[in-house]
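To start, the structure under review is shown below, and the notes come after it.
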Amino acid sequence: MSPELHSDQAVAANPLNGDLLLRPVRGGNTYEETVERLLQTIRLGLALPGAQFPPERELAAMLEVSRDTVRLAISALVDAGYLIVKRGRYGGTFVAENLPSQPLRMGRDGELTHNLEFTHDELEDALVLRQILECGAAEFAAVRSLTSVEREQLWAVLKETSLSTAENYRMLDSRLHLLIAELTGSPSLLSEVASSRMRINELLDGIPLLAPNISHSNEQHEAIVLAILTGDSEKARAAMADHVSGSAALLRGFLG
C-alpha cells in the first residue's frame, strides 16, 4: 500500500485512503492526467486542507509518471491556490488551508482557469453519464462479497455524511459515492466516477444547497447503503437511480 496523505485532521475525519485516486496514469496526456488526479484528491475531499501529499518521488511512483511531470503538476496547482509548498525540515507539499471557491478547469493547451460555463448539451451529458456510472456502481457493489472492514467503512462514511453540516456536505457526499465505486473492485470505474463527480460538483456549485434536499438525500443514501450491505443489487440500483434523478431534476430546474 502506498503511503497515505496525512495530517491530524485528515486521519481523524477521513476514513478513506488519501491515495485512493493516486493510481497509475493511463494514456498519453500524463501532465493533464496528473493534474486531474491531484485536483480530484483535493476537491473530492480525500485530502483535507492542511493534509500533506507524499514526496514527489513517491507520487511519481504511485502515478507511474516522471518526477518532472509531478513537479509541473504541483506547480500549476500551487499557482491556482490549491497547494502550497513549504521548505525546510518540516517542509513538503500541503493542501491549502483556504481553497478557491470556484471550480478549476484545464484548457486544451494545459492552462488552468476558473472560468465556468455549461451549455445545455454539457449538462445533459454529465447527468446521463452520472446515472449510468453510479447506478452500475451501486449494483455491482451489492453483488460483491464485502469484507467486514469494507462494510464498517461504508456504514461509517454514511453516518459521517448524515451528520455533516451544509458547509461540508458536498465533500462528504462525494466521498460516499467514491467509496461505493471503490467497493466494486474496479479501479477504472472508480476513476470514471471521480471524473464524473468533479463535473457534477461544478454544476451543483451553481445552485443553492437546500435543507430539505439534504434531508431527502440522506434518506436516499441510507437506502442505497442498506441495499448494498444486504446484497440486494436490484434495490441498490433502483435506490441510486432515485437519488441521482433527484439531483438531476434540481440541476435541470436551476440550470437547464
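We did not get these values from a lab; they are worked out from the coordinates using the rules stated. All of these numbers come straight from a predicted model, not from anything done at the bench. When we count neighbours, we look across all protein chains shown, and the Cβ atoms used for this are built from the backbone with ideal geometry, even at glycine.
Evaluating 6.51 cos²θ - 1.76 cosθ + 1.60 at θ = phi - 60° for every residue in segment 168-177, the Karplus couplings come out as 10, 4, 5, 5, 5, 4, 4, 4, 5, 5 Hz, glycine and proline recorded as x.
One way to sum up the overall shape of segment 44-103 is the equivalent ellipsoid from its Cα gyration tensor, whose semi-axes run 19, 14, 11 Å, largest first.
Just so you know, the Rg over Rh for segment 181-256 is 1.00, from Cα atoms, with Rh as the Kirkwood radius. Using the Karplus relation 6.51 cos²θ - 1.76 cosθ + 1.60 with θ = phi - 60°, the per-residue 3J(HN,Hα) values for segment 149-159 come to 5, 5, 5, 5, 5, 4, 5, 5, 5, 4, 5 Hz, with x marking Gly and Pro.
Please label the shape of segment 146-185 as rounded, prolate or oblate, based on the square roots a ≥ b ≥ c of the eigenvalues of the alpha-carbon gyration tensor (a/c under 1.5 means rounded; beyond that, a/b larger than b/c means prolate, else oblate). Oblate is the answer for segment 146-185, as a/c is 1.5 or above yet b/c matches or exceeds a/b. With the convex hull of the Cα atoms taken as the outline of segment 144-215, the averaged projected area works out to 5.1 nm². Between GLU167 and THR147, full extension at 0.36 nm per residue minus the direct alpha carbon distance yields a gain of 4.0 nm.
Each residue, ILE132 and GLU219, gets one label point 7 Å from its Cα in the Cβ direction; the gap between the two is 3.1 nm.
Can you classify the chain as rounded, prolate or oblate using the Cα gyration tensor, where a ≥ b ≥ c are the square roots of its eigenvalues, rounded means a/c under 1.5, and otherwise it's prolate if a/b beats b/c and oblate if not? Taking the square roots of the gyration eigenvalues as a ≥ b ≥ c, the chain is prolate.
For ASP205, no residue 5 or more places off, or on another chain, has a built amide H under 5 Å of its own. The average projected area of segment 103-255, computed from the convex hull of its Cα atoms over all directions, is 9.1 nm².
Phi angles across segment 226-237 convert, under the Karplus curve 6.51 cos²θ - 1.76 cosθ + 1.60 with θ = phi - 60°, into 3J(HN,Hα) values of 4, 5, 5, 5, 8, x, 9, 5, 5, 5, 5, 5 Hz, Gly and Pro given as x.
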